[in-house]
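Computed from the coordinates by the stated procedures, all read-outs in this text should not be read as laboratory data. This is a predicted model, so every value here is computed, not measured. Here the Cβ is made from the backbone with ideal geometry for all residues, glycine too, and neighbour counts use every protein chain on show.
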């Protein structure tokens, strides 16, 4: 026979945990009538070891109580299989989250390198999954919700692309499409693919005052961005075809402003 202190010591488990097991009926040591101390037998210790085994498998206390009452080997195998699937789903979700975090970190680093800096690169391939009237057409956001693939299933603007057509006088029109980046080529899908081999690429910034009473303030409006793109085309001795593709990258807040950063791809010839 052993005291709770002795059991705690040679099983490397806290007294509080042993008391918790007792409260849940997972171990039932007898009490000494003279002093009221709990007395653990060899069978009680085995009950503790069995409970520890299932806890190591992250089986809930309630499930362990059910096992202790009456569960066949087949029942326990099914319970473990259910737990296995749950853990596998959690791992998959964490792996996706890790991928998204790495992408967000890369985006933040990319902003610092390419903000208002132009380079000539190939545009990634995007599949068009849907279209909305404009960014403020909230009733159209079902298409964003349908094609979201984030773990929280919450609507974001990370999949929205603005396609702006322009000429020397300014913006002539806008189209807002829901996109997904892809490695597919045009002949591998019936869906619309957006991509261009040569683009002037940069990160642009716009923003507004955080105070809702203030009027919307553009830090870099379309005119300034358009002028910068035209200057970059001259500097790089290339010709614009009159269209630009813009996707939101990141939003930050400081200096009393909301700062929105966008990837801008402007095809050239």
Relative contact order of the chain (C-alpha contacts under 8 Å, at least 6 apart) in percent is 16 percent
Quick note on 98, 57, ordering by fewest other C-beta atoms within 10 Å, gives 98, 57
Contour minus Cα-Cα span, residue 55 to residue 192, at 0.36 nm per residue, comes to 44.2 nm
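With contacts defined as alpha carbon pairs under 8 Å and 6 or more residues apart, what's the relative contact order of segment 115-267 in percent?
Here the relative contact order equals 29 percent.
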In nm, the gap between the two label points placed 7 Å beyond Cα toward Cβ at residue 95 and residue 120 is 4.1 nm
Pseudo-spin-label distance residue 131 to residue 39, built 7 Å along Cα→Cβ, given in nm, is 8.4 nm
Given [x] 19.7, 65; [y] 30.7, 99; [z] 19.4, 60 as possible values of Rg and Dmax of the Cα atoms in Å, the one from the coordinates is [y]
For segment 4-71 the translational diffusion coefficient, Stokes-Einstein from a Kirkwood Rh over Cα pairs at 20 °C and viscosity 1.002 mPa s, in µm²/s, is roughly 173 µm²/s
Cβ density ranking, 10 Å radius, fewest first, applied to 1, 123 yields 1, 123
Length-normalised contact order of segment 4-71, Cα under 8 Å, at least 6 apart, in percent, tallies to 27 percent
Using alpha carbon centers only, segment 113-142 is separated from segment 41-111 by a whole-angstrom value of 40 Å
In degrees, nearest 10, the alpha-carbon axis of helix 222-235 is tilted away from the dominant principal axis of the alpha carbons of the chain by 70 degrees
Comparing 174, 35, 116 in a Gaussian network model of the chain (Cα, 10 Å), the one with the largest mean-square fluctuation is 35
In nanometres, the difference between 0.36 nm per residue of separation and the alpha-carbon distance of residue 231 and residue 81 is 47.8 nm
Per GNM of the chain with C-alpha springs under 10 angstrom, the most fluctuating residue out of 84, 205, 188 is 188
Once both label points are put 7 Å beyond Cα along the C-beta direction, the residue 73-residue 14 separation in nm becomes 3.7 nm
Per GNM of the chain with C-alpha springs under 10 angstrom, the most fluctuating residue out of 87, 59, 127 is 59
Helix 73-114: inclination vs the chain longest Cα principal axis, degrees, rounded to 10, gives 30 degrees
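Using the Cα gyration tensor of segment 115-267, with a ≥ b ≥ c the square roots of its eigenvalues, what is the shape: rounded (a/c below 1.5), prolate (a/b larger than b/c) or oblate (neither)?
oblate
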Proxy exposure order for 33, 140 (fewest C-beta within 10 Å first) is 33, 140
